[in-house]
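The values are calculated or read from the model by the stated rules, or taken from the named source; none is laboratory data. Worth saying up front: this structure is predicted, and the values here are computed from it rather than measured. In this analysis, Cβ positions are derived from the backbone assuming ideal geometry, glycine residues included, and neighbour counts consider all displayed protein chains. Side chains are part of the model used for accessible areas, which takes the heavy atoms of the whole protein and leaves out ligands, DNA and RNA. Shrake-Rupley method; radii C 1.70, N 1.55, O 1.52, S 1.80 Å.
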Amino acid sequence: MHENTLKVLVVDDEEGILDLTQRILRHKCGYDTVGTTDGEEAVKLFVEHSPDICILDVHLDDSVLSGIDVLREVRKIAPNAQCIMITRITEEHTIKQSKELGAAAYLLKPLDTKEWLDVVKELADGILKGRP
Amino acid sequence: MNSMNYLTISGLLIFGTGIFCSLAVLMSRPVSFLKSTWGLFGLAVGLWGEGLYLAYSANEYYRALFWLRFLNLFSIIIPVFFVHFVILFTGKSQTKAKEMTAYYVTSLIIIISSLIMPSFFIPSLSPQAGFYAYPNLGPLYYVLFLFSVYLAVYAAYLLIRFIKSAPSVLAGQGRYILLGTAVCFLGESTVFLPAFNIPVLLLSTTLVILYLSSITYAIVRYRLMDIRLAVSNTAIFIGVYALVLGIPFYLYSIGYKLIAFIQVILLATTAPFIYLYFQRKAADLLLDEQRRYQETLRQASAGMGRIKDLKKLLNMVVYVLTHVIQIEHAIVYIYDQSQKRYVIGASKKRAGKRRFIDSIEEHSPLVQFLSNNKDLIVYEEIKQKSQDDKNHGLEQIVKIVSSLEGELLVPVFNDQILIAIIVMGKKGLGKIYTEDDLGAFSILANQIALAIENCLFMQAEKDRIKKEGAQARRESLDMLVGTMAHEIDNPITIVVGEAEELQEDIKSKQGEIITADFIKGIIAACNKIKDNAWRVSKIIKAVEDYAKAESGQYKAVLINNVMIPFRSFLLLLSKKYPGIQFTQDIQLDLPPVWAEEVTIEEILFNYVENAFHAAHRHNARGEGKVSLHIFKRDDFIIIEVSDNGYGVEAKVLKQLFQVPTTTKGSAEGTGIGLYRVRQVVDRLKGQAWAESQGKAKGAKFIAQLPVYKGDASDTTKTSSQRIF
């Protein structure tokens, strides 16, 4: 893998989406990906892989930590971590919380692949520019 | 001598009857001009009778002459009062006002003339036609006589004309008054006849009493409605007492004094019983049919309380009125809150089609009038009153009642508020409304008011339950839709994403050799698309099934069939309340129940959703447990849903199914669910209850439904496709 290759952490409770998202990121953008359906596992993976970007589903069924909890933990570990929240929850409280915790974007489902991919690419550009 | 005695007695009786009738009419309510005139007529007749009595009981010539001249004054005014009464009765008071004034003025002139120059009327007395002292006639007496005859004939003419054109009810009354008039004046005229030296039997003066009493009785007791009965009652009374007094009187006059005395005692004792017997017989004869329908009315009013549907109740009211009582038409106008007016609740006409006035305004003078007076309206009565009083307000009411074609209007009140107006047409076969009818209708109105209140309450309750049921269903649906949206988003995202990926992959492989791996990838992607598309379709189907409203069409339903779509709810519930361990034990060969699939789903859904909620709230993740057990016991299918949730206190346990009660937080539920279950189970002739050891000790909800024992081939086949 190229040194400058970006690494993305994908967290979604739906296996199908998790798999698809990672495939798209790998094939279309050439990024490295790690993924999980569980919040606690996500925090572990973040510590382990130090990904550049995290794509987090807010609602995680059967998971002790929600997407928001993962965001909080990740930002504690790496205050500059770039996180995209993806959800269908439009509650003001959740949106506000995400913003306060420093999420880079808050995207509402249903999403077109191009839409979320553009956001990821935008973040990636910023990250790459900032690198020596 | 005997005839002299007779004149004295009849004079006295006429005096008594006249004064009594006059007072009775003048004191009865409601007051009317017609009644006042009749009262004055009675008074005049009474005073005329007094003159007769005093004249023929006088033992001096001049005293007799004085009293004969005195009674003569009343002979002048009696026909005038009578004509006035007839004019009022026939409703001609407005057109004949000037004429009436002329009669009063003429009579006044004659009275004054007879006071100033009495000898021009009755100059002296002499024996005539068997009477030892009867008036000799002066020249002006002929004027008086002609005037009286003219008025009597004129009154008769007015009555005859009226009878020909008036509605049957009034025509009947008119006939009686005409008959009475003939009898009365015949009686009175017999007093004149000896003056012309024509010998007559003076018995006919008694007829004056009969006439006066019967019309008075009709006015006071029957609002001048059923004169037949009044006449018969008076005739019986007079007949019986004539017998009581007459036989001993005769025996006395022929010398059987002791026998006469014994007879008086015997007959005086038995007379009231004889009178009552005949009176009852006459009433039975005349009122037979009337009593029959009053009985029907009473029975109908008793049955009304049991009717829960307003439309049915009102239809029954108009049916009873038109078919049993044979009123030509009946309409019930009922207050409509939304339209702010009284609209036709039910109407019926015995023959032919007729359009009635659609509604009565809330602020209509008629409504105001009924609300203020709180009494029924007899059309002829208020018409008469409006003419008497020249009351514009009353005239308006008369117009409205006339436009409604009502002979009788019965207001129906509830808590002093006019909730309905019953409009009744004419009674069939020209029969007339009696005071007893009015009494019966008043009672009926009270019963109708109670029954209407009952119906409205039941209706409101039904609407409320329906609304609450719909609300409960709506809440469940909202929950389902919320969960469903989330459930659908994911497979859709997969479908779209996989399709895009596939498209990209195929594009990138153009011109290249397709490998086996590539084909395997495409097949895998297609399978994913297909699986997720099905997943969406099935979720939608499950919600669609649940959203189906109850149709009320029952059939033999196999619970195992209902369980197939129910699984989709379970999936949604497990998403909403994650971490609940759900187990189910459903007997495989369950017989059917007589129900509707949606009703069974509703029981299952409410019980299971409650259990999930309780178990989820009360337990840490992974410890919440819900179990569903369906089995047959005796002739029942038992649905048991248990949880290890927050439990139910014993005192709440009893109320759970009775009224909307919730053990959830107020923001989470309306508590209608279990109430709905009870309603549904009641309809299926089953039972629903809950068991709990107390707070925090979990609960068990049970529904017991009777097994359907009919033809099992009625069972519906649900789709064999497995949803999840």
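Here is how the numbers come out for the structure above:
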read-out	value
Reach of B:K555 by Cα under 20 Å, taken over lysines that are not fewer than 8 positions away in the same chain	B:K632, B:K685, B:K709, B:K717
Probe 1.4 Å - accessible area at B:R678, Å² to nearest ten	60 Å²
Computed over chain A, Kirkwood Rh from alpha-carbon pairs, angstrom	14.6 Å
Cross-link pairs B:K509/B:K575; B:K467/B:K575; B:K462/B:K538; B:K164/B:K399 - those with Cα-Cα distance over 30 Å	B:K509/B:K575; B:K462/B:K538
Debye, to nearest 20: dipole size of the stretch A:7-125, +1 on Lys, Arg Cβ, -1 on Asp, Glu Cβ	460 debye
For B:Q584, distant residues with modelled amide H under 5 Å away	B:L628
Amide H partners (placed H, <5 Å) of B:K625, local residues excluded	B:Q581, B:N644
Derived scalar couplings ³J(HN,Hα) [the stretch A:24-40; Karplus, 6.51 cos²θ - 1.76 cosθ + 1.60; whole Hz; x for Gly, Pro]	4, 4, 6, 6, 7, 10, x, 7, 7, 9, 10, x, 7, 9, 10, x, 5
Top of A:K109, A:K28, A:K121 by mean-square fluctuation, Gaussian network on chain A, Cα under 10 Å	A:K28
